[in-house]
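Below is one structure, written out as structure tokens; comments come after it.
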Amino acid sequence: MRLTADRSDDRPIGMFDSGFGGLTVARAVIDLLPAEDLVYVGDTGRYPYGPRDQGEVRRFAHQIGDFLVREHDVKMVIVACNTAAAAGLSSLEEALPVPVVSVIEPGARSLVQATRSGRVGVIGTVGTIASGAYQRAVAAAATGGPVELTCAACPGFVEFVERDEVDTDQAHVLAERLLAPIVAAEVDTLLLGCTHYPYLARTIGDAVGRDVVLVSSADETAFEVRSILEAAGVGRHRGSRTGVHRFLSSGDTTWFQHLGARLLGPELAGVESVSWTEPHRSVR
């Protein structure tokens with residue numbers, strides 16, 4: 001779905017993730033597009049998405065996307081969750097009446113552009129890696145020549161971030177074990193294929209070696225959002241105002257407020273509760 005300039009610029013950008021990881025994307029969008037309003041949904045009541053069945057994650061994605069469009073009249077939905085994007089991006093694009101932006105394609109393009117040797121890696125949740133979404137996206141982005149891709153699922157990483165235990169001995173031990181295939185492949189560039197993983201960047205860097213370039217898709221996703229808004233003529237002009245940022249959580253709002261503010265910054269000044277107990281109209 002394309003944006004058209006016949007709608008007011010006042011509509012916010014919608015964004016969702018299973019929890020806190022998407023705040024890396026929110027940070028990049030706020031920094032790049034400071035005049036834009038933002039509504040962020042952290043589905044912490046049902047995290048993590050990674051181990052869940054793809055069909056279930058797809059239902060969650062449709063439910064939240066539909067909620068953002070109906071209840072908040074957003075002009076765009078950013079799927080700031082690699083697992084949800086891998087499970088339901090194409091069906092969301094067909095179902096929602098606004099553009100849907102994923103973190104997968106921008107990250108894959110940045111990965112291919114950054115490599116020097118052509119040996120690259122992607123790490124993500126079990127669901128993301130098993131879906132093959134990054135394998136397809138990297139292959140599509142490698143227009144300048146073939147790349148050798150090594151993927152590794154990293155169960156447990158999300159939970160360390162959500163518990164605010166990113167620099168513990170246990171996190172380092174798990175990283176060394178899970179990232180062994182990446183080290184063995186001698187990649188020179190590694191894509192953090194989960195929006196939670198930038199918070200573990202130091203631990204991941206220690207495990208794979210500091211000479212490996214770590215790529216986060218957050219900045220590239222923000223650039224794509226800006227490009228879409230500018231092309232449609234519905235973006236707010238920098239300096240025209242300061243955007244209003246709303247944050248909603250389906251779980252413990254106090255916990256989201258405490259950890260989210262530390263991860264994002266002062267923009268996360270309050271958290272509203274959202275519940276999925278009431279039935280939502282299905283997106284078709």
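Looking at Arg27, Arg70, which is the one that is surrounded by fewer than 22 Cβ atoms within 10 Å (Cβ to Cβ) and within 14 Å of the chain's Cα centre (by Cα)?
Working: Arg70 fails: within 14 Å of the chain's Cα centre (by Cα).
None of the other options fit; the residue is Arg27.
If we scan region 49-60, do we find a residue that is surrounded by 21 or more Cβ atoms within 10 Å (Cβ to Cβ) and either in contact with a strand residue (DSSP E or B) (Cβ under 6 Å, 6 or more places away or on another chain) or closer than 17 Å to Glu224 by Cβ (or both)?
no
Among the listed residues Arg59, Arg109, Arg52, identify the single one that is assigned by TED's automatic domain parsing to the domain that holds Arg226 and part of a helix (DSSP H, G or I).
Arg59
For the structure I just gave you, tell me whether Ala153 is within 24 Å of Thr44 (Cα to Cα) and either in contact (Cβ under 8 Å) with a residue 40 or more places away in the chain or among the aliphatic types (A, V, I, L, M) (or both). Don't jump to the end; show me each part of the working.
Working: within 24 Å of Thr44 (Cα to Cα): yes; either in contact (Cβ under 8 Å) with a residue 40 or more places away in the chain or among the aliphatic types (A, V, I, L, M) (or both): yes.
Yes; evaluated as a whole, the condition is true for this residue.
Collect the residues in region 75-93 that are surrounded by 24 or more Cβ atoms within 10 Å (Cβ to Cβ) and of a type in the set (Gly, Ala, Ser), keeping them in residue-number order.
Passing the criteria: Ala80, Ala84, Ala85, Ala86, Ala87, Gly88.
Could you list, in sequence order, all residues of region 169-204 that are modelled with pLDDT under 95 and of a type in the set (S, T, N, Q)?
Selection gives Thr195 alone.
Residue by residue through region 102-127, note down the ones that are surrounded by fewer than 24 Cβ atoms within 10 Å (Cβ to Cβ), of a type in the set (A, V, I, L, M, F, W, C) and within 18 Å of the chain's Cα centre (by Cα).
Val126
Looking only at helices (runs of 4 or more DSSP H) that fall completely inside region 144-187, which ones have 1 or more residues that are touching a helix residue (DSSP H, G or I) at 6+ places or on another chain (Cβ under 7 Å) and surrounded by fewer than 16 Cβ atoms within 10 Å (Cβ to Cβ)? Outline the logic, then answer.
Working: elements: 157-162, 169-178, 180-184.
In region 144-187, 169-178 are the helices (runs of 4 or more DSSP H) which contain 1 or more residues that are touching a helix residue (DSSP H, G or I) at 6+ places or on another chain (Cβ under 7 Å) and surrounded by fewer than 16 Cβ atoms within 10 Å (Cβ to Cβ).
Which pairs turn up if I take residues in region 20-47 that are assigned to a helix (DSSP H, G or I) and look for partners that are of a type in the set (Ser, Thr, Tyr) with beta carbon separation below 7 Å, at least 6 apart in sequence or on another chain?
Hits for this filter: Thr24/Thr195; Thr24/Ser216; Val25/Thr195; Val25/Thr221; Ala26/Tyr40; Ala28/Thr221.
Can you give me the number of residues within region 215-254 that are buried (at least 20 other Cβ atoms within 10 Å of the Cβ), more than 21 Å from Pro12 (Cβ to Cβ) and either free of Cβ contacts under 8 Å to residues at least 40 places away in the same chain or among the hydroxyl-bearing types (Ser, Thr, Tyr) (or both)?
Within region 215-254, residues that are buried (at least 20 other Cβ atoms within 10 Å of the Cβ), more than 21 Å from Pro12 (Cβ to Cβ) and either free of Cβ contacts under 8 Å to residues at least 40 places away in the same chain or among the hydroxyl-bearing types (Ser, Thr, Tyr) (or both) number 2.
The values are calculated or read from the model by the stated rules, or taken from the named source; none is laboratory data. Quick caveat: nothing in here was measured; it's all calculated off a predicted structure. Don't worry about glycine lacking a Cβ; one is built from the backbone with ideal geometry, like all the others, and counts go over all protein chains shown.
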